[in-house]
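The values are calculated or read from the model by the stated rules, or taken from the named source; none is laboratory data. Please read these numbers as outputs of a predicted model, since none were measured by experiment. Methodologically, a virtual Cβ is constructed for each residue, glycine included, from the backbone with ideal geometry; neighbour enumeration extends over all protein chains shown. Side chains are part of the model used for accessible areas, which takes the heavy atoms of the whole protein and leaves out ligands, DNA and RNA. Shrake-Rupley method; radii C 1.70, N 1.55, O 1.52, S 1.80 Å.
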Amino acid sequence: MDKNIVFLYKFLSNYFFCKNFDVSLLKSFISSYSENGFLKDKVFLDRVDLSSLKLSDKCNNVNYDYLRYLDSNKLKHSPKIILLNGCYLFSENINVDISINNSDSNFFYDLDSLNFKFHSDNLNFFYLLNSVLAFKHLFVKIPDNFVLKENLYILNFYDEALSEFMFHPSLFLNIGKNSNINIVESHINFSKKNFINASSILHLESSAKVSYNLFNYCKFPLLNSHSIFSFQNDCSNLSFRDGFFGKHFFKGFYNFYLYGRNAIFDKKSGRDLKYDSNFNLDCNIFHYASNTKSNTLFRVVGHDASKCFYRGSIVVGIDITVIDSDLKCDGLLLSELSNIVLIPELCIDNDDVKCSHGATIGCLYDRFIFYMMSRGISKSECVCILINGFLSKCIDKNILFFSILNDDVIENYYIY
Amino acid sequence: MTFKSFLDISNLSVQLDKKLILSKLNLKIGLGEIHVIMGPNGVGKSTLAKVLVGNNSEYSISGNIIYDSFDLFSLSPDEISLKGIFLSFQHPLEIPGLSNFQFFKSFVNAKRKYQKLGPVDNKEFLDNIRKFMKILNIHEEFLYRSVNEGFSGGEKKRNEILQMLLLDPKLVILDEIDSGLDVDSLKDVFKCICSFVKNNNSLLIITHYTRILDYIDVDFVHIMNNGCIVKTGDKSLAYDINEKGYSIV
């Protein structure tokens, strides 16, 4: 993974929400960003007029005069692009005119309208940073035949500096025919008072292939909810990974609809629940077309006094045949006070289907821990390594990557 | 042998649920010595091995074990390992989800941390592993498989020896290392063990068979019965047992 994101992340999480934001911070960030040699080739610094960056509006939240910045930097042939709150922030040699409407509360990105070479070998990374405007709606249209080698990042940060207490960020993603894309969406809440009700709606056109990674971290125990809807057309393939960490009072509704023939859905979810987290998730997979496949795995680790309720179901419609579907959920109890309820369900309206479901709950056995300790690893590290082993099947390395970026998020077992 | 004993077990008694497994067992092992313990099934050989590496929570124990001037009962299993005792398990455990590479790196780093060294360099670490894997005839893909998961009996034992080589302990306890190994594997394994003990490491081999004596020169053979050592001799004692059975003791 590109190390650029480390800098960006730290920068954003540390400074971006300060009410008295100092442009010099951004300048120092950019300097360190460059000095550390993380940019593979010479990028924007030569061209960017930093003096054009300024804090233009303090009334609600941090805002920059991006238009001015962009106007003064008509660059050509950019291999690197970052979109931040609807604006290009950094770019190199970009040969594109962009019209951005900052006054609109919702953002619409039609990636097809950005006439740079997406297929260029020089395209190193592409980010959508949806930070300070996390309560906005984000529409992203991925064009047909779009292939992105690197991940598309959609990062959402919530902080006390924001004046709002309730956020309803919505992401609408339309992925065009024959496109192939990896998406990383994160919701990171540093605030003690914010309530987040997020929703993500994915629409996969025919033969689209999407790998979707969702990372959610809460520093403080606040009620959050996330609704996910996906709609898959013929021959589309959706691989969904999500991980939730930290303190959570979470309610989630995930609905995945397989409307097109030969659509394939694969979902792996990992949860690491600590303290008095309360996690509640309903996950439904609807097979509404024949010859569709789905594979769902949910794994949860219950620490302390955490509670988890998971209900997963496979629904097969009437007259829908030749289905191959599997639903499995596993729990790992690490505390006597923790509580895990896993309910796998099948709702099938005809005979010609192959569906399986199952649930297991267990604990870490002393014999495993002793075996590892006999090699010199401390008990606490053994537990961490074993949890990592349990969850690693479910959590994409991209998601783990986010967890090691911030000291608050870091968990020992992610280092292995 | 005139070496100073650095493992001294005296009057060790181990009880589990009112059943006496080890009874006032005494054993001294010096630096660089190779000891073999033989005995019928169920006399407490493996229990002795487990107690030596700190797996004693389920037992009632009395007696003393002094290792390199440390009281072993005051140390946890990881501390015992860090001080240089290694147990090759009779039945190595399978740990799903944890790759061999991650596992090896974790315990090597744990040891380096104990030695106040920084984390191991990946390239150096891989080179080191590959060197040992070549000697043990282990394929590289083995590194990325889960620890012992789906391994054959022989592969598990080789894995144990690989771990031993990576940790470079002072005292190695091999609990039935020869069970589950074919002739060629046994040769590979003991080739490693022989080169390993040349560095003045001590060895305690628990076995039922004398065939290992074809591959390694041992200093002492102990016969265990009813939870204690009833006879000690040289390798000829093992051959006597092989020929006449345990009835002679």
Quiz item: Which ones in the stretch B:100-115 are more than 17 Å from B:Ile173 (Cβ to Cβ), in contact with a Leu (Cβ under 9 Å, 6 or more places away or on another chain) and within 8 Å of chain A (Cβ to nearest Cβ)?
Solution: B:Ser106, B:Ala110, B:Lys111, B:Tyr114
Quiz prompt | Among the candidates B:Gly150, B:Gly154, B:Gly118, residue that is more than 10 Å from every other protein chain (Cβ to nearest Cβ), farther than 20 Å from B:Pro77 by Cα, under 20 Å from the mean Cα position of the chain (by Cα) and among the small types (Gly, Ala, Ser) | solution = B:Gly154
Quiz item: Considering only residues of the stretch B:16-35 that are over 24 Å from B:Tyr246 (Cα atoms) and without any contact (Cβ under 8 Å) to a residue 60 or more places away in the chain, which is least open to solvent (accessible area, probe 1.4 Å)?
Solution: B:Leu16
Quiz prompt | Filter result for A:Ile385 (within 25 Å of B:Gly84 (Cα to Cα), within 14 Å of chain B (Cβ to nearest Cβ) and not in a helix (DSSP H, G or I)) | solution = no
Quiz item: In the stretch B:36-78, which residues are among the charged types (D, E, K, R) and more than 25 Å from B:Val218 (Cα to Cα)?
Solution: B:Glu58, B:Asp71, B:Asp78
Quiz item: Of the conditions (1) assigned to a loop (DSSP other than H, G, I, E, B); (2) farther than 22 Å from B:Thr47 by Cβ, B:Cys194 fails just one. Which one is it?
Solution: (1)
Quiz item: Here are some residues: B:Ile85, B:Ile80, B:Ile129, B:Ile135. Which one is open to solvent by 40 Å² or more (accessible area, probe 1.4 Å) and of a type in the set (A, V, I, L, M)?
Solution: B:Ile135
Practice problem: Within the stretch B:5-22, track down each residue that is among the polar types (S, T, N, Q) and modelled with pLDDT of 90 or more. | Solution: B:Ser10, B:Asn11, B:Ser13, B:Gln15
Quiz item: Do we find that A:Tyr365 is among the aromatic types (Phe, Trp, Tyr) and surrounded by fewer than 20 Cβ atoms within 10 Å (Cβ to Cβ) in this structure?
Solution: yes
Quiz item: Name the strands (runs of 3 or more DSSP E) wholly within the stretch B:56-99 that hold at least 2 residues that are more than 11 Å from chain A (Cβ to nearest Cβ) and either more than 18 Å from the chain's Cα centre (by Cα) or hydrophobic (A, V, I, L, M, F, W, C) (or both)?
Solution: B:60-67
Self-check item: Residue selected from the stretch A:258-286 under the condition within 13 Å of A:Cys235 (Cα to Cα) and not aliphatic (A, V, I, L, M), by the criterion surrounded by the most Cβ atoms within 10 Å (Cβ to Cβ)
Solution: A:Phe265
Exercise. Determine which single condition B:Lys157 fails, assuming it passes every other condition in (1) touching a helix residue (DSSP H, G or I) at 6+ places or on another chain (Cβ under 7 Å); (2) open to solvent by 10 Å² or more (accessible area, probe 1.4 Å); (3) basic (Lys, Arg).
Key: (2)
Exercise. Check A:Phe245 against each of (1) open to solvent by less than 10 Å² (accessible area, probe 1.4 Å); (2) at pLDDT 80 or above; (3) within 16 Å of the chain's Cα centre (by Cα) and name the one condition it does not meet.
Key: (2)
Quiz item: On the given criteria, is B:Ile229 open to solvent by 10 Å² or more (accessible area, probe 1.4 Å), more than 23 Å from B:Ile37 (Cβ to Cβ), of a type outside the set (Asp, Glu) and in contact with a Leu (Cβ under 9 Å, 6 or more places away or on another chain)?
Solution: no
Quiz item: Applying the selection to the stretch B:197-249, what residues are among the basic types (Lys, Arg) and within 27 Å of B:Lys157 (Cα to Cα)?
Solution: B:Lys198, B:Arg211, B:Lys235
Exercise. List the number of the failed condition for B:Ser46; all other conditions in (1) more than 7 Å from chain A (Cβ to nearest Cβ); (2) of a type in the set (S, T, N, Q); (3) at negative phi; (4) more than 19 Å from the chain's Cα centre (by Cα) hold.
Key: (4)
Quiz prompt | Only listed residue being of a type outside the set (Ser, Thr, Tyr), in a helix (DSSP H, G or I), crowded, with 20+ Cβ neighbours inside 10 Å and without any contact (Cβ under 8 Å) to a residue 60 or more places away in the chain, chosen from B:Leu162, B:Leu181 | solution = B:Leu162
Exercise. Tell me, yes or no, whether the stretch A:219-226 has at least one residue that is over 13 Å from the mean Cα position of the chain (by Cα), assigned to a strand (DSSP E or B) and modelled with pLDDT under 80.
Key: yes
Self-check item: Subset tally (residues that are open to solvent by less than 30 Å² (accessible area, probe 1.4 Å), outside any strand (DSSP E or B) and within 30 Å of B:Ile241 (Cα to Cα)) for the stretch B:36-54
Solution: 10
Exercise. Any chance you could count how many residues in the stretch B:232-249 are assigned to a helix (DSSP H, G or I), surrounded by 14 or more Cβ atoms within 10 Å (Cβ to Cβ) and among the hydrophobic types (A, V, I, L, M, F, W, C)?
Key: 3
Self-check item: Neighbours by Cβ (under 6 Å, 6+ apart or cross-chain): first from the stretch B:122-147, in contact (Cβ under 8 Å) with a residue 24 or more places away in the chain and assigned to a helix (DSSP H, G or I); second surrounded by 16 or more Cβ atoms within 10 Å (Cβ to Cβ) and not hydrophobic (A, V, I, L, M, F, W, C)
Solution: B:Leu143/B:Asn100; B:Tyr144/B:Ser99
Practice problem: Take the residues in the stretch A:363-378 that are more than 7 Å from chain B (Cβ to nearest Cβ) and of a type outside the set (A, V, I, L, M, F, W, C), then tell me which one is farthest from B:Lys113 (Cα to Cα). | Solution: A:Tyr365
